[in-house]
Amino acid sequence: MSSVPVDVDLALVGGGGAASLVLAALDRHGVRDLRIAVVDPVRRRGQDRTWAFWGHPGNDLDDLLSVSWSQVEVITPGVHRALQLAPLRYAMLRSGPIYDRAAEAERRLGVRRIAAAAEALDDDGARVLVRTGADRPVLRARWVLDSRPRPPRRAGRTNWLQHFRGWWLTADRAVFDPGRAVLMDFRTPQPARGVSFGYVLPVDSRYALVEYTEFSPNLLTGAAYDAALAGYRDLLGLDPTRLTVTEVENGVIPMTDGPFAARPSPRVVRLGTAGGATRPSTGFTFSAMHRQAEQVARAVAAGRPPVPSSAYPRRHRWMDAVALRALDRGLVDGPEFFVRLFDRNPAQRVLRFLDGQTTVAEDLAVMRSTRLRPMLTATVADGAGRLRDRLAPSQRPNWAAPPPVVGADRPAADGGREWRLPRPPVA
Ligand SMILES: Cc1cc2nc3c(=O)[nH]c(=O)nc-3n(C[C@H](O)[C@H](O)[C@H](O)COP(=O)(O)OP(=O)(O)OC[C@H]3O[C@@H](n4cnc5c(N)ncnc54)[C@H](O)[C@@H]3O)c2cc1C
């Protein structure tokens, strides 16, 4: 490689979910004649995760979806709530089609690929030098979109994880209802600290993704995820001798009120989880990444800097910090907290709220649907925590989401890249 850095207009450092959506959006907006590079040691291909998200139908994702549902269920012991989502829909998108679309976009945009890990971004306010490994820079970019996974700038006051294992199940006869997805099923045994739930995303009557998820501070062992999933499968009344686990999906997503710096320096913009696109109270990320990709592409097409608006309003991040504290300190019961939101608000309001799209009046309605006293206690304690942080900058140790557990009692061997263990039937 030449020792002179290559000049580009835009460098995407990290080429995963957020970057793929940006490439697709730049292509869709007809951006041409822009010198673009992607720096990532891994070329993302095929199925390495499944995105579930809600939104309005009728956009660029429609023809990539595996399936979508206008009805979902939220289940507690004794009550099955069927929520009508129209005009929204809940949708499933496997990663393969997004990566394929990004690869097509790369070809049309003439993107230069650098298969290396970026180690440093030196921003002098006019250009950013992108360094990989050795101290020699490989790129000199006018702008950098950086989506490398990273912890928040400092540990949050509450640091939880959304951690999960899912089985793609194929049944030998019709056992799933493809007309509705299960969004959250709280009949799973609840952890001492945290919230657990199962969910079911049926593609058709014989094929579905069934997951066990926890919102809690610590990961389980591989064997514990398997046991929890088997328990949930039994709870659904599925006969293991008639099922084959065709794929396994593991993941860990940060749920923290620690701050993610979206603009660490003048010409570096962080996107994806690293840029704060993960909603702290739920771990949902996809819709914010998609929204921000569209904003970036519009801006670039109009000759403006590629800077999206913040993933969520500041007041929502504050509300999430209070909710996380209330859940973590046991001030509220987890399943009851989430179920009350759906019981006391139209489903679309809750979903738009979780996407950061509600008005202040709607936010107040959402707040009113939670239990007042514990939430007030959490609000006061959160305020005191913020004040302490301001007076004496945080003494909390740094915190980063660990890589997912991929096998029984074994941490991820591949540095956290998810999965994939073809498994024998769950007999
Ligand atoms: C299994 C799984 C399922 C998920 N499901 C959902 C869901 O259903 N709904 C939802 O809303 N969210 C979901 N999420 C959360 C979120 O949407 C995804 O994590 C999403 O992929 C985040 O995109 P990203 O670009 O921030 O990170 P990634 O997609 O992880 O991309 C980061 C990229 O950075 C690269 N990289 C790392 N280090 C370097 C380096 N030094 N230099 C250059 N590149 C580097 C990596 O190779 C990777 O390609 C899920 C997450 C996981 C892990």
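Restricting the stretch 6-36 to trypsin sites (Lys or Arg not before Pro) that sit in a DSSP loop and have at most 12 other Cβ atoms within 10 Å of their own Cβ leaves R32. Here is how the number arises for the chain: DSSP H runs of 4 or more residues each give -39500 (n - 2.57), the sum is divided by the residue count, and the result at 222 nm is -9000 deg cm²/dmol.
For a label point 7 Å from the Cα of V307 along Cα→C-beta, name the residues of the stretch 106-137 whose backbone N is under 17 Å from it. Those under the cut-off are 123-128. Identify the trypsin sites (Lys or Arg not before Pro) of the stretch 294-339 meeting these criteria: DSSP loop state and at most 15 other C-beta atoms within 10 Å of the C-beta. For trypsin sites (Lys or Arg not before Pro) across the stretch 294-339 that sit outside H, G, I, E and B with at most 15 neighbouring Cβ atoms in 10 Å, the list reads R329.
Accessible surface of the stretch 7-151, 1.4 Å probe: 47 percent of it comes from carbon and sulfur atoms. The slack between A227 and R368, meaning 0.36 nm per residue of separation minus the straight C-alpha distance, is 47.0 nm. Among the trypsin sites (Lys or Arg not before Pro) found in the stretch 180-233, those both in a DSSP coil and sparsely packed, with 16 or fewer other Cβ atoms within 10 Å of their Cβ, are R193. Averaged per residue, the chain has 43 square angstrom of accessible surface, using a 1.4 angstrom probe with ligands and nucleic acids left out. The relative contact order of the chain comes to 19 percent, based on Cα pairs under 8 Å that sit 6 or more residues apart.
Computed over the stretch 22-128, relative contact order equals 42 percent, with contacts defined as Cα pairs under 8 Å that lie 6+ residues apart.
The values are calculated or read from the model by the stated rules, or taken from the named source; none is laboratory data. Everything numeric in this text was worked out from a predicted model, so none of it was measured. As a convention, Cβ positions derive from the backbone with ideal geometry for all residues, glycine included, and neighbour counts pool all protein chains shown. Ligands, DNA and RNA are excluded from the accessible area calculation, which covers all protein heavy atoms including side chains. Shrake-Rupley method; radii C 1.70, N 1.55, O 1.52, S 1.80 Å.
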